Each structure stands twice: as structure tokens, then as C-alpha cells.
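The values are calculated or read from the model by the stated rules, or taken from the named source; none is laboratory data. For clarity, every value in this text was computed on a predicted model and none was experimentally measured. Reconstructed Cβ throughout: ideal geometry from the backbone, glycine too, with neighbour counts over all protein chains shown. Areas reflect the complete protein model, heavy atoms only, side chains present, ligands, DNA and RNA absent. Shrake-Rupley method; radii C 1.70, N 1.55, O 1.52, S 1.80 Å.
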Amino acid sequence: MGRTVLTILQIAKRTGLTAPTIRYYEEIGILPEPERSPAGQRRYSASDVERLTFVRRCRDFGFSLQQVRELLGLRLSPATDCGAVRTISQSHLEAIDEKLRQLTEFRTQVARFVQSCDQTCTGGPATECCIFEAIVG
């Protein structure tokens, strides 16, 4: 049985990525440069689909490209202890927790803006909206 050969549009459809994103991942080394047809068309394999799906899911979870690169390296290295994967994931979890803390603070403040507007503004000119004053100062 022959090797699965996919064009960039086919692999984009299978992985949920765009062709420019796939080319970018090749450019930065997240995806190895694929084989080319005699006409120069990129040819991808089933392992490329798996790799790009992994990358997309990592990005969906908010891992940075550097973290994705590290996770890929660990995923492809059978000698690596999974503790390294945990360390990267723990670091990312801490960053998510910090972002959630910040977003909670932002939400509280924006809710105050809206409440203040509800209490003081009566539909006058937008340039006089108390929310603008609260944002600035």
C-alpha cells in the first residue's frame, strides 16, 4: 500500500488550518519541509496531518509557538521523561490562571463603568460619557 499524499489544500482541510499557516509552520521549522512533486507542488503525508493536528490543538489550548516546538520535540523523543511535558503544561497553566485573574479584574472594572453610566448618563453626547473619564482616569 502506498504512502498517503496530500496537497496543501487537502491537508489544510483535514487539520483545520489555512494554507498560509501551514507554510508559516514550515518556514519556522514546526513542520518539516514536505516532499515536492516534479512540478514543485508540496506533498504531505498522514504523519504531517497528525503533526499539524497536534500543533493546532496545542495552539487552541493557548500554548505559545515556542512551547509547541518544545512539546513536539518531547513528543518525538521516546527517551524523554514525561515530567518535562508536565513542566511546560504547569507553566502554561500558571499563565492561564494569571490571565484569568486579570480578566476577572477587568470584568469587574468594566461592570463598574456600565453601572456608573446607567446611573449618571442620560443618553447625552457620547463625548461626555462617564465611561471615557473612567477609562482614562
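Run Ala39 past the list (1) of a type in the set (A, V, I, L, M, F, W, C); (2) without any contact (Cβ under 8 Å) to a residue 24 or more places away in the chain; (3) within 20 Å of Glu70 (Cβ to Cβ); (4) not in a helix (DSSP H, G or I) and report the number of the one that doesn't hold.
It fails just one condition, (3).
Within the stretch 9-36, restricting attention to residues that are of a type in the set (A, V, I, L, M) and assigned to a helix (DSSP H, G or I), which residue is nearest to Arg59 (Cα to Cα)? Can you show your working first?
Here is the first cut: in the stretch 9-36, the ones of a type in the set (A, V, I, L, M) are 9, 11-12, 17, 19, 22, 28, 30-31.
Filter once more, so that each one left must be assigned to a helix (DSSP H, G or I): 9, 11-12, 19, 22.
On the way: Leu9: 20, Ile11: 17, Ala12: 15, Ala19: 16, Ile22: 13 Å.
Filtering first and then ranking leaves Ile22.
Of the numbered conditions (1) more than 16 Å from Leu31 (Cβ to Cβ); (2) out of contact with any Leu (no Cβ under 9 Å at 6 or more places or on another chain), Ile88 fails exactly one; give the number of that condition.
Of the numbered conditions (1) more than 16 Å from Leu31 (Cβ to Cβ); (2) out of contact with any Leu (no Cβ under 9 Å at 6 or more places or on another chain), the odd one out for Ile88 is (2).
Pick out the one residue from Thr80, Thr4 that is more than 17 Å from the chain's Cα centre (by Cα), β-branched (Val, Ile, Thr) and loosely packed, with under 13 Cβ neighbours inside 10 Å. Please lay out each step first, then the result.
Values: Thr4 fails: loosely packed, with under 13 Cβ neighbours inside 10 Å.
Answer to the selection: Thr80.
Looking at (1) at pLDDT 90 or above; (2) closer than 30 Å to Glu50 by Cα, which is the only condition Leu76 fails?
For Leu76, the exception is condition (1).
Restricting the search to the stretch 28-38, which residues are open to solvent by 50 Å² or more (accessible area, probe 1.4 Å) and over 13 Å from Ile8 (Cβ atoms)? Can you show your working first?
Going residue by residue through the stretch 28-38, those that are open to solvent by 50 Å² or more (accessible area, probe 1.4 Å) are 32-33, 35-36, 38.
Of everything in the stretch 28-38, those that are open to solvent by 50 Å² or more (accessible area, probe 1.4 Å) and over 13 Å from Ile8 (Cβ atoms) turn out to be Pro32, Pro38.
From the list Arg75, Arg86, Arg51, which one is open to solvent by less than 80 Å² (accessible area, probe 1.4 Å) and of a type in the set (Lys, Arg)? Please lay out each step first, then the result.
Details: Arg75 fails: open to solvent by less than 80 Å² (accessible area, probe 1.4 Å); Arg86 fails: open to solvent by less than 80 Å² (accessible area, probe 1.4 Å).
After ruling out the rest, the residue left standing is Arg51.
For the stretch 55-72, enumerate the residues that are in a helix (DSSP H, G or I), closer than 22 Å to Ala12 by Cβ and open to solvent by less than 50 Å² (accessible area, probe 1.4 Å). Show your work before the answer.
Our first condition is that a residue be in a helix (DSSP H, G or I); within the stretch 55-72, this holds for 55-60, 65-72.
Filter again for closer than 22 Å to Ala12 by Cβ, leaving 55-60, 65, 68-69, 71-72.
The answer is Val55, Cys58, Leu65, Val68, Leu71, Leu72.
Starting from residues that are free of Cβ contacts under 8 Å to residues at least 12 places away in the same chain and among the aliphatic types (A, V, I, L, M), keep the ones in the stretch 5-36 and report whichever is farthest from Arg69 (Cα to Cα).
Leu9
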